[in-house]
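Take a look at the structure below.
Just so it is clear, none of the values below were taken in a lab; they were calculated from the coordinates. Keep in mind the model is a prediction, meaning the values are calculated, not measured. Cβ atoms come from the backbone with ideal geometry, glycine included; neighbour counts cover every protein chain shown.
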Amino acid sequence: MLRCFIIDDNRRFLDAARALLEREGITVVGVASSAAEALQRAEELQPDVTLVDIRLGEQSGFDVARQLHGKASLAGSRTVLISTHSEEDYADLIAASPAIGFLPKAILSARAIWDLLGLPGDGGGSVSEPRGK
């Protein structure tokens, strides 16, 4: 079972995303609405994948992604950037980030996450499995 952590400053989105992903077979181990809370909780929760909103109020999701990536205790965890804005709006910053990819919030789904992670459609397997296995 894939363990997911969601970081977003919009409580309604957090609640909706959690309900959607859990209904589709992903375990949401926690949510956070600020960078400080996110960094602390990520280490406690040890998620397989963390969804990070690009704009966390006045804070940058890109900064959070870099900080998560720099934590040795989260070496096996992957980061996916999310936003209501299009990928083209942030293409250079997304490419320069340690995130494995980007998902528009409008198409967020378990299938989209599994595809980015290179996992089979049911989310089976480990996060480190290469695509095609």
Distance in nm between pseudo-label sites at LYS105 and ALA16 (7 Å out along the Cβ direction from Cα):
0.7
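Taking 0.36 nm per residue of separation and subtracting the Cα-Cα distance, what length does fully extending GLU88 through ASP115 add?
Full-extension gain reported as 7.7 nm.
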How long are the three semi-axes of the equivalent ellipsoid of the chain, in whole Å, if each is the root of 5 times an eigenvalue of the C-alpha gyration tensor, listed from largest down?
20, 16, 16
